[in-house]
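These notes concern the structure reproduced below.
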Amino acid sequence: MEKLVVTTIVVGVIAYVYHQSALNTDRGNTGFPSKLKTSYDYIIVGAGSSGSVLASRLTEDPDNDVVLLEAGGSDETNPNIYKAGAAPMLLRSDEDWEYYTVPQKHACRAMKEQRSFWPRGRVLGGSSSLNWMVYIRGNRHDYDSWAEEGCDGWSYKDVLPYFMKSEDIQIDEFKISEYRGKDGPLPVTRPNVTPMQKLYIDAGKDLGFNVIDCNGEDQIGFCWMQSTIKQGERWSSYRSFIKPHLARPNLHVMPNTFTTKVIIKDKKAIGVECIRNGRKVRVFARKEVILSAGAVNSPQLLMLSGVGPKEHLKKLGIPVLADLPVGENLQDHFMIPLAFRINTTGPITGDKLTSMWTVKQYEYFRTGLWSATALEALAFVYRDLDKKKESGENSDIQVHTFSAHGLTPPMREFFPVNYMEEVKDKMFTETDDIETVSFYPVIIHPKSRGTIRLRSTDPFDYPDIDPHYLEDEDDVQLAIQSIRFVEKMVGTNTMKSIGMDVNNRFQTYEFCSEHEFRSDKFWECYVRHFTLTVYHPTSTCRMGGKDDPSAVVDPQLRVKGISGLRVVDASVMRNVPGGNTNAPSIMIGEKAADLIRKS
Ligand SMILES: Cc1cc2nc3c(=O)[nH]c(=O)nc-3n(C[C@H](O)[C@H](O)[C@H](O)COP(=O)(O)OP(=O)(O)OC[C@H]3O[C@@H](n4cnc5c(N)ncnc54)[C@H](O)[C@@H]3O)c2cc1C
């Protein structure tokens, strides 16, 4: 007996030491230069998904001298940034800009003042330090249509090498795929934390769909989740691309530096003004100023600097240097939450998350429920639900599956969605003995278009964000169709075997009880109440050809009419791609670095 105890302890210690050495304890040097120089070759504003990649790639060339200015602080202050399963706890943290849209006329009726809550990362890594780490590139047809609409050099064939360049694919079966990259700094893995994951995939098979790599040859079908998580930790763009290179003498990373304006002289960007340590400073660019401040702040900065729609700028008294449709064409994915009761104990619960075993499992081994989010599988389908696979067409609907029992009272404040208190009172009433999972169908090519507008000339004043959710009737019809697809999933033998039933009524359905349950009218009402952002705003500094009146930047990402100024982030996307937007933002950073180095 004594021998057994000793052996167990020895094995335990060896296992612990082995796992600790395998963990990513080296998170890089956090020493940043204390002083800004007067000038650099390139000034990049925003250390988010795109800006981090761009700064990293540009400084591979020792002749390029780059400063990366970031309004937010270190990504090491808040431990929830690295802890993959803690992603929801970052919303409304100090690292979140915490935006709200203006009241929505046609949507968000379950939300206070009909405003949608828009978190964005304000920290090194930007939104890639706050996001849910889903790695999806979008459909090949998205990029082909960008090229067809005048964005030369942005077809799928053109952008695929840049997706691959970033990637360090860690999923064995994809390592030989011609679509996946092996030598990049960004790890992509397949997380699996609950037994539910396999059931979603089985439901897809029941419906006759293929199980595929959603970042591979074809997107239509069901796939296991792919994430920028390694050994239970988040790999933001900053962590992957910048941290290993902080010692480069030609790279200055400047957190807590808030850019207020681009300095433009004789139609040429020559530098930026920013606030650092409470003081206003000016930094000059010998070659270019590059805005990577994201789809909300890049247009804001351009407009503050005199680049934007003439009438809007005039109204605010800002001298117009270039009359461009900055802040127009705002696109965002929206999704509909659909919860279902099940009769197994598979999903994540509050009790499981806080149990000593789960906590220690993560602490020692970076495994278990905290090692990933509850997003475990995805489906991409057509609006015509009977179509299984057809070449030459883009997907219409993406379904995220979420394996968490999220409707108990303790979860009430866990996902800040700006719901009205009376909505929360109805929602968070489930008891622990009833388990739930959720499906979130996403409309991935919405037709409604919104705007970002300045509220004032004060750079600290948040801009007005108006996504115009559900303004286009087709978005509503497609959302209803996406719910019909979820009903089909729920009706599969696999889902029925765990007790799912489309006819189960949730408390939130009472908000639309004037309509016949599950009728089109009922779902339309539900969609207009529970319109959730997927946090994917894009296209507010839209890319396009020379004569395209909707374009702010050309296909080299240069701001039209102003030299020495580019935009490199999600705001340049011609249209929002059919999938999550972090991987495409990283791809944009990769491609921009090549465009700049070759110019
Ligand atoms: C909560 C959440 C969950 C998400 N989940 C996913 C997901 O699972 N998968 C996925 O693919 N996508 C997801 N996304 C979306 C994805 O993360 C973004 O599309 C992507 O990060 C955008 O990259 P970006 O470079 O355009 O902007 P960002 O990454 O937001 O970077 C902009 C940077 O600029 C800085 N900045 C802004 N203004 C200034 C200024 N004036 N001065 C200095 N710095 C400034 C910001 O602080 C920020 O660091 C999510 C986003 C959020 C917010």
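Of note:
- Of the residues making up region 560-587, those that are among the hydrophobic types (A, V, I, L, M, F, W, C) and over 16 Å from ASN329 (Cα atoms) are ILE562, LEU565, VAL568, ALA583, ILE586, MET587.
- Test: residue in region 69-87 that is away from the ligand (no atom under 15 Å from the Cβ), among the acidic types (Asp, Glu), part of a loop (DSSP other than H, G, I, E, B) and in contact (Cβ under 8 Å) with a residue 60 or more places away in the chain: no
- Counting only strands (runs of 3 or more DSSP E) that fall entirely inside region 402-473 and contain at least 2 residues that are touching a residue at least 60 places away in the same chain (Cβ under 8 Å) and open to solvent by less than 20 Å² (accessible area, probe 1.4 Å), the qualifying elements are 435-443.
- Output for region 134-187, where each listed residue is free of Cβ contacts under 8 Å to residues at least 12 places away in the same chain, more than 28 Å from ARG542 (Cα to Cα) and of a type in the set (A, V, I, L, M): ILE176
- Annotation note: of LEU91, LEU130, the sole residue that is near the ligand (Cβ under 9 Å from one of its atoms), under 14 Å from the mean Cα position of the chain (by Cα) and surrounded by fewer than 21 Cβ atoms within 10 Å (Cβ to Cβ) is LEU91.
- For GLY578, the criteria (1) away from the ligand (no atom under 14 Å from the Cβ); (2) touching an Asp or Glu at 6+ places or on another chain (Cβ under 6 Å); (3) open to solvent by less than 10 Å² (accessible area, probe 1.4 Å) hold in every case but one, which is (1).
- Condition check for PHE209: part of a helix (DSSP H, G or I), out of contact with any Cys (no Cβ under 9 Å at 6 or more places or on another chain) and either modelled with pLDDT of 95 or more or open to solvent by less than 40 Å² (accessible area, probe 1.4 Å) (or both): no
- For region 477-487, the criterion of being assigned to a strand (DSSP E or B) and open to solvent by 20 Å² or more (accessible area, probe 1.4 Å) is met by none of the residues.
Condition check ((1) over 21 Å from ARG140 (Cα atoms); (2) open to solvent by less than 10 Å² (accessible area, probe 1.4 Å)) across all residues:
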| residue | (1), (2) |
| --- | --- |
| ARG528 | yes, no |
| ALA551 | yes, yes |
| GLY564 | yes, no |
| ILE586 | no, yes |
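- Pairing each residue of region 476-487 that is among the basic types (Lys, Arg) with any residue that is surrounded by fewer than 18 Cβ atoms within 10 Å (Cβ to Cβ) and modelled with pLDDT under 95, provided the two are 6+ apart or on different chains, yields C-beta distances under 7 Å for ARG484/LEU385.
- Counting the residues of region 167-178 that are assigned to a loop (DSSP other than H, G, I, E, B) and open to solvent by 40 Å² or more (accessible area, probe 1.4 Å) gives 4.
- Within region 239-288, restricting attention to residues that are assigned to a strand (DSSP E or B) and polar (S, T, N, Q), the residue that is nearest to the ligand (Cβ to nearest atom) is THR259.
The values are calculated or read from the model by the stated rules, or taken from the named source; none is laboratory data. Since the model is a prediction, treat every value here as computed from it, not as a measurement. Please note: Cβ atoms are built from the backbone with ideal geometry, for glycine as well, and neighbour counts cover all protein chains shown. Accessible surface is based on the protein model in full, side chains and every heavy atom, while ligands, DNA and RNA are left aside. Shrake-Rupley method; radii C 1.70, N 1.55, O 1.52, S 1.80 Å.
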